[in-house]
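Structure record follows, encoded as structure tokens.
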Amino acid sequence: MTGQARAGIKSCDKGQFLYPKDRAVRWCDRGYIFYVLEGELVSELHDGRKSVMTTGTSYHVSDLGDPAHRSYSKYGAKMFVVD
């Protein structure tokens, strides 16, 4: 995340926190690799597809070619994000 906090995502020592009921307000078109350390994270793509990630799963989106994305969590999640 290169030192900048995004909507609903806060920096921590071991990764990023997505707090319960937080949802990104903007669509993002940058690429990431997400690895869920704890909890559950939903990543939705601008074209309507959704991926539910639970503890121990990962997900990636590219800078180019993939639709814009945003994430949310009903219960909160702790994740490792490669920007």
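Determine whether the range 3-19 contains at least one residue that is modelled with pLDDT of 75 or more, in contact with a Lys or Arg (Cβ under 9 Å, 6 or more places away or on another chain) and of a type outside the set (F, W, Y). No, every residue in the range 3-19 fails to be modelled with pLDDT of 75 or more, in contact with a Lys or Arg (Cβ under 9 Å, 6 or more places away or on another chain) and of a type outside the set (F, W, Y). Looking at the range 64-82, is at least one residue touching a strand residue (DSSP E or B) at 6+ places or on another chain (Cβ under 6 Å), at pLDDT below 75 and not aromatic (F, W, Y)? No, because not a single residue in the range 64-82 is touching a strand residue (DSSP E or B) at 6+ places or on another chain (Cβ under 6 Å), at pLDDT below 75 and not aromatic (F, W, Y). Within the range 15-63, can you find the residues that are out of contact with any strand residue (DSSP E or B) (no Cβ under 7 Å at 6 or more places or on another chain) and within 14 Å of D83 (Cα to Cα)? Correct list: D29, R30, S62, D63. For the range 38-77, the set of residues classified as hydroxyl-bearing (S, T, Y), touching a residue at least 12 places away in the same chain (Cβ under 8 Å), assigned to a strand (DSSP E or B) and surrounded by 15 or more Cβ atoms within 10 Å (Cβ to Cβ) consists of S43, Y59, S71, Y72, listed by residue number.
For the range 20-37, the candidate set comprises residues that are aliphatic (A, V, I, L, M), farther than 10 Å from S71 by Cα and surrounded by fewer than 18 Cβ atoms within 10 Å (Cβ to Cβ); within that set, the residue that is modelled with the highest pLDDT is L37.
The values are calculated or read from the model by the stated rules, or taken from the named source; none is laboratory data. Since the model is a prediction, treat every value here as computed from it, not as a measurement. Every residue, glycine among them, receives a Cβ derived from its backbone with ideal geometry; neighbour counts consider all protein chains shown.
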